[in-house]
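The values are calculated or read from the model by the stated rules, or taken from the named source; none is laboratory data. This structure is a prediction, so every number in the text was calculated from the model and none was measured. Here the Cβ is made from the backbone with ideal geometry for all residues, glycine too, and neighbour counts use every protein chain on show.
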Amino acid sequence: MAIAKNLSFAYNGSAMVTLGTTSDNNIKTAWLNLDNGWSGKAALYRERGRNFSQNNWSESLSHPELLFEDVEKIFKMSGQNCVAVKNLQIRDTQLKVVIKRLYAGSGFRQFFRSFRPGKALRNFKTALNLINYRIAVTTPFAALQNRTTLFTKQSIYITEYLSNSIDLHSFASILLPSAEPVARFALKRQLSYQLASLLASLHKNGLWHRDSKASNFIVCKDTQDKYKILLVDMDGIKRYFLRRKSRQFRSLWQLAASLMSVPGINRTDYWRTFTTYCNLIALEPSRRRPLFRQLAKRAQAKHLRNIGGGATNI
């Protein structure tokens, strides 16, 4: 998609010999060995005319504990976890990025998960995989983790910041109603197709999204001034293992549930997205209407639970 097509990859030979590199799905990545138990990976591609080497990334990220100082905006704060926008100095360039700090959670399950690489590194790898599958995501720049001998204590994920982007729920609630009727109808058709294509591409590559609410997608304009949907949440992307059949359609009804509070989104829009998805995965026509009714009931139940629990999509 648009993001993947805009990336042209660069190779800096001297830096790679010094610090060690690898290749993740045709994208050159560099290992970053920092101080105080910090390490990580950075992607080495030319992004909008800017080419940063391993040394550039190592110098810029040499003090990860200071990354959340002087942030421009905080999107989300939950305990020590934080998502913020920052102007990151790399070489002689100010690069506006989104930084996401993730601490290991409490509990028995989280204890065992702390033996694994940090969540930021897993998200980084997932994003590179999705780019390789030509699925539109926000560009991943780097991922860091702080480990003791065995445990990951915290990790930091760094991605592209798109200044004119807005999450899908806010777009549908605020911007879509302001469009002229003809333009609004065309835009809804366009976005329905993009959502169905994104979820179908995940499915065809053996993946599904366990938390596909509207706030985990953003809408922005590409270089042709057309609206594009990008996936920003890597945590929810999982591989199929057991219960593939039930998980395949979970992304659809969860997404529908997260948009039911938006007055301008109606049953026709849900049906259009559903049928486009079915066409892309070649689901037999005879199965579609019974399945749609089943998914609609699940979406409605999820929506009611969200209301009862005070959940919000933003």
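Can you tell me how many residues in segment 210-219 are touching a strand residue (DSSP E or B) at 6+ places or on another chain (Cβ under 6 Å) and surrounded by 16 or more Cβ atoms within 10 Å (Cβ to Cβ)? Walk me through it before giving the result.
So the first thing to find is which residues in segment 210-219 are touching a strand residue (DSSP E or B) at 6+ places or on another chain (Cβ under 6 Å), and the list is 210, 215, 217-219.
Right, trim to surrounded by 16 or more Cβ atoms within 10 Å (Cβ to Cβ) and you get 215, 217-219.
Looking only at that region, the number is 4.
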query = Considering only residues of segment 224-254 that are in contact (Cβ under 8 Å) with a residue 60 or more places away in the chain and assigned to a strand (DSSP E or B), which is farthest from residue 156 (Cα to Cα)?
reply = 228
query = From the set of residues in segment 57-68 that are without any contact (Cβ under 8 Å) to a residue 40 or more places away in the chain, in contact with a strand residue (DSSP E or B) (Cβ under 7 Å, 6 or more places away or on another chain) and not in a loop (DSSP other than H, G, I, E, B), which is farthest from residue 100 (Cα to Cα)?
reply = 58
request  = Filter segment 151-201 down to residues that are closer than 30 Å to residue 39 by Cα, outside any strand (DSSP E or B) and of a type in the set (Gly, Ala, Ser), then give me how many there are.
outcome  = 1
ask   = With respect to the numbered conditions (1) modelled with pLDDT under 95; (2) assigned to a helix (DSSP H, G or I), which one is the sole condition not fulfilled by residue 101?
value = (2)
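Does residue 228 fit the bill of being of a type in the set (Lys, Arg), crowded, with 17+ Cβ neighbours inside 10 Å and out of contact with any Ser or Thr (no Cβ under 9 Å at 6 or more places or on another chain)?
yes
Which one is nearest to residue 123 (Cα to Cα), of the residues in segment 202-223 that are in a helix (DSSP H, G or I) and small (Gly, Ala, Ser)?
215
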ask   = Does residue 160 satisfy the criteria of being under 16 Å from the mean Cα position of the chain (by Cα) and among the acidic types (Asp, Glu)?
value = yes
query = Does at least one position in segment 283-301 carry a residue that is surrounded by 18 or more Cβ atoms within 10 Å (Cβ to Cβ), closer than 30 Å to residue 163 by Cβ, among the small types (Gly, Ala, Ser) and assigned by TED's automatic domain parsing to the domain that holds residue 212?
reply = no
message = Please verify whether residue 60 is buried (at least 20 other Cβ atoms within 10 Å of the Cβ), polar (S, T, N, Q) and either more than 22 Å from the chain's Cα centre (by Cα) or modelled with pLDDT of 90 or more (or both), treating the condition exactly as stated.
response = yes
request  = Please specify each residue of segment 69-96 satisfying the condition of being touching a residue at least 12 places away in the same chain (Cβ under 8 Å) and over 20 Å from residue 232 (Cα atoms).
outcome  = 70, 79, 80, 89, 90, 91, 93
message = When the residues of segment 153-203 are narrowed to those that are of a type in the set (Gly, Ala, Ser) and closer than 26 Å to residue 77 by Cα, which ends up surrounded by the fewest Cβ atoms within 10 Å (Cβ to Cβ)?
response = 163
